[in-house]
Amino acid sequence: MAFWSGYWKSLKPLPVEEPIDVWLHRPLGYVLARVCLPTPISPNTITVGSMLLGVACGVSFVAHFPWHLQVGGLCLVLSAVFDCADGQLARLRGTSSPFGRMLDGTADLITVIAFVAGTFWVLLERHWEPTWLRYPLIAALVVAAVTSSFHTTMFDHFKNVFLCMTVPGHADAEDFETAAARHRARTARDLTAVARFSWPIYLFYVKSQQDYMRRFDPYTAPRLSALPPFDEERARIYRKHAEGVLGVWRRWMGPGSLTFAAAVVPAFDVMEWYLLFRLVGLNALFYGYLRRAQRRASREAFREMNVTFEGTTAF
């Protein structure tokens, strides 16, 4: 396989790939994956590396050494590169697994927590005085962190819905009930220390995503397993209604895009402006446009397919 032709084959379908991933994170991740391909290094090892780099980002933010914010930003970019490389290596080897996807989601969450905690520390340390500014800043940080988690989890869900509806045999995602059943089927002897650590985090993430989705878009099945099986005509219909909205999701709400922005901001030491952008700009896009556009796309797509879901809003 030629080097760069192999790169394009290592990607997910382009309609769900974030532009910053295609042109930065995944090319670097692909180089790392190709280096690791003939070695015993597993995709899960790279996933752990991504998580450690995310933690290093948070530690760099709170530490005081020359260029510590810039070092933290670099660690965050490298964490995103490793996060891409694990899946690319798995696809090159044909070894994708539910556990690998679960570990990947856990690593993403740990990285986000480390970055958010580091950002909290930096901004509160700067603006602890005067007292009147302290509490509004804490409130703004909490709201930005919570709503940003809504942004990325909803992008992840609608990306998976798009893949389930338009890619035959897609099985890279699962809903809470499927994940919980898989967890119950495991015996205590099967669970490694990493699995014991990852399972509660993963189940919490999947359950929270599913619960929020019910409120965000009442026209889409909250459970991926409830979606109709792949069919060429249904795929055409869903693409027609949902692909344009997904383009906005992947450019503005994807974890790769947000990670890159979060990594660049410390280099220029404008974290306060970035907080304002996340709090006002992205929430205006999320609640003011994307929620309505996604509901409309889901309603029209599934109505044209004559598909309804139990417990969702009738057409």
Note on Glu272: of the conditions (1) out of contact with any Asp or Glu (no Cβ under 7 Å at 6 or more places or on another chain); (2) surrounded by 16 or more Cβ atoms within 10 Å (Cβ to Cβ), unmet is (2)
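Residues to consider are Ala221, Ala262; find the one that is touching a residue at least 24 places away in the same chain (Cβ under 8 Å), surrounded by 16 or more Cβ atoms within 10 Å (Cβ to Cβ) and in a helix (DSSP H, G or I).
Values: Ala221 fails: in a helix (DSSP H, G or I).
After ruling out the rest, the residue left standing is Ala262.
So which of Arg250, Arg299, Arg295, Arg278 is touching a Lys or Arg at 6+ places or on another chain (Cβ under 8 Å), of a type outside the set (Phe, Trp, Tyr) and surrounded by 15 or more Cβ atoms within 10 Å (Cβ to Cβ)?
Arg250
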Checked pairs for the stretch 36-64, first farther than 15 Å from Ala80 by Cα, second of a type in the set (Gly, Ala, Ser) and buried (at least 21 other Cβ atoms within 10 Å of the Cβ), C-beta under 6 Å and 6 or more apart or across chains, list as Ser60/Gly72; Phe61/Gly72; Phe61/Gly118; Val62/Gly118
Residue within the stretch 81-95 that is under 24 Å from Thr192 (Cα atoms), assigned to a loop (DSSP other than H, G, I, E, B) and in contact with a Pro (Cβ under 8 Å, 6 or more places away or on another chain) present
yes
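If a residue must be small (Gly, Ala, Ser) and part of a loop (DSSP other than H, G, I, E, B), how many such residues does the stretch 224-236 contain? Break it down stepwise before answering.
Step one: of the stretch 224-236, the residues small (Gly, Ala, Ser) are 225-226, 235.
Imposing the further condition that a residue be part of a loop (DSSP other than H, G, I, E, B) reduces the set to none.
Qualifying residue count for the region: 0.
Output yes when any residue across the stretch 124-131 is of a type in the set (S, T, N, Q), crowded, with 17+ Cβ neighbours inside 10 Å and in a helix (DSSP H, G or I), and no when none is. Please lay out each step first, then the result.
First pass over the stretch 124-131, keeping only residues of a type in the set (S, T, N, Q): 131.
If we keep only those that are crowded, with 17+ Cβ neighbours inside 10 Å as well, we get none.
Checked the stretch 124-131: no residue is of a type in the set (S, T, N, Q), crowded, with 17+ Cβ neighbours inside 10 Å and in a helix (DSSP H, G or I).
Return the only residue of Thr147, Thr152, Thr111, Thr119 being in contact with an Asp or Glu (Cβ under 9 Å, 6 or more places away or on another chain), part of a helix (DSSP H, G or I), under 30 Å from His64 (Cα atoms) and touching a residue at least 12 places away in the same chain (Cβ under 8 Å). Write out each step before concluding.
On the way: Thr147 fails: in contact with an Asp or Glu (Cβ under 9 Å, 6 or more places away or on another chain); Thr152 fails: under 30 Å from His64 (Cα atoms); Thr119 fails: in contact with an Asp or Glu (Cβ under 9 Å, 6 or more places away or on another chain).
One residue alone meets the criteria, Thr111.
Just to be sure, is Leu76 aliphatic (A, V, I, L, M), within 20 Å of Tyr202 (Cα to Cα) and either touching a residue at least 12 places away in the same chain (Cβ under 8 Å) or touching a Leu at 6+ places or on another chain (Cβ under 9 Å) (or both)? Write out each step before concluding.
On the way: aliphatic (A, V, I, L, M): yes; within 20 Å of Tyr202 (Cα to Cα): no; either touching a residue at least 12 places away in the same chain (Cβ under 8 Å) or touching a Leu at 6+ places or on another chain (Cβ under 9 Å) (or both): yes.
Spelling it out, it is not the case that Leu76 is aliphatic (A, V, I, L, M), within 20 Å of Tyr202 (Cα to Cα) and either touching a residue at least 12 places away in the same chain (Cβ under 8 Å) or touching a Leu at 6+ places or on another chain (Cβ under 9 Å) (or both).
For the stretch 262-275, state whether one or more residues are closer than 27 Å to His127 by Cβ, of a type in the set (Phe, Trp, Tyr) and out of contact with any helix residue (DSSP H, G or I) (no Cβ under 6 Å at 6 or more places or on another chain). Walk me through how you get there before you give the answer.
So the first thing to find is which residues in the stretch 262-275 are closer than 27 Å to His127 by Cβ, and the list is 262-275.
Now restrict to residues that are of a type in the set (Phe, Trp, Tyr): 268, 273-274.
Filter again for out of contact with any helix residue (DSSP H, G or I) (no Cβ under 6 Å at 6 or more places or on another chain), leaving 268, 273.
Yes; the residues of the stretch 262-275 include at least one that is closer than 27 Å to His127 by Cβ, of a type in the set (Phe, Trp, Tyr) and out of contact with any helix residue (DSSP H, G or I) (no Cβ under 6 Å at 6 or more places or on another chain).
Every read-out reported here was derived from the displayed coordinates using simple, explicitly stated rules and does not represent laboratory data. Predicted model only: the values in this text are computed from it and were never measured. Cβ coordinates were reconstructed from backbone atoms using ideal geometry, including for glycine residues, and neighbour counts include every protein chain displayed.
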